[in-house]
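So the structure is just underneath, and the comments pick up after that.
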Amino acid sequence: MTTYRIRPGDTLSALASRFKTSVSALARTNKIANPNLIYAGKTLRIPGHGGKDSFEPAKGGTKGGTGGAKGGTGGTKGNAPVGGSTGAGGAGATPAMRRLAEAGRAAAMGMGGYNSQGLCATGVSRAIQNAFGIKVWGNGNQIDNNLPRDKFKQVNMSLEEALKTPGLVLTWEKTSSRLGSIYGHTAITTGDGRSSVSDFIERNTLGAGGRSGLKIFRPLV
């Protein structure tokens with residue numbers, strides 16, 4: 001059995017996919033009680049791989065080793081926690097951002113699961129209210145104007161970068177569908193680098209073409 005040193009931004013689900021195993025197998029092999037919480041710098045044993053397999057970064061890679069991600073949640077001396085199976089990782093993610101990501105996932109699973117109901121703004125509004133007690137109204141291309149600016153700050157980053165960080169609010173002015181051209185779309189990032197949540201879980205947000213007018217907001221609460 002070989003090992004892998006957990007790096008900032010890793011999630012157990014992403015590592016399971018990379019190593020062609022399962023979250024439960026990784027958790028069981030490494031005696032991880034909470035699969036949603038893993039620590040940068042800790043050594044992870046990988047089931048099903050021989051010692052000849054190497055998953056360590058090349059020399060000159062990410063500095064910090066067991067110190068974890070600077071500025072990350074729990075970034076005191078020692079190992080800093082990173083995301084687990086829910087993908088709530090991402091360097092610089094605050095507790096509020098993680099809370100919003102979890103509230104977004106819960107809202108999506110309670111509404112459409114993996115199938116859109118055409119109520120993206122309702123899902124995002126519900127998640128914001130459940131996470132922070134803030135009521136935000138408007139459809140997908142209005143919600144960006146209705147986010148209170150003392151609670152949310154617009155940030156400049158690519159969609160690809162945003163999807164690696166949990167708890168960011170995404171808004172698009174227009175999408176390729178007839179209703180989307182009128183109402184736009186909005187969602188919350190999960191931090192796994194791929195998916196976002198609103199009234200449903202969208203597995204591949206990067207692959208969803210025909211969207212324009214993207215804005216990204218970070219919660220400040």
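Values computed for the structure shown
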| item | result |
| --- | --- |
| Within straight-line cross-link reach of LYS174, aspartates and glutamates at Cα separation under 14 Å, skipping those fewer than 8 residues along the same chain | ASP144 |
| Length added when fully stretched, SER22-LYS151, from 0.36 nm per residue minus Cα-Cα | 42.7 nm |
| Cα convex hull of segment 168-220, projected area averaged across orientations, nm² | 3.7 nm² |
| Shape category assigned to segment 105-172 from the gyration tensor of Cα positions, a/c cut at 1.5 | oblate |
| Three-way shape call for segment 111-221 based on the alpha-carbon gyration tensor, with the a/c threshold at 1.5 | rounded |
| Largest-first ordering by accessible area, 1.4 Å probe, given options MET97, MET157, MET109 | MET109, MET157, MET97 |
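The values are calculated or read from the model by the stated rules, or taken from the named source; none is laboratory data. Predicted model only: the values in this text are computed from it and were never measured. Just the protein is used for accessible areas: all its heavy atoms, side chains included, with ligands, DNA and RNA removed. Shrake-Rupley method; radii C 1.70, N 1.55, O 1.52, S 1.80 Å.
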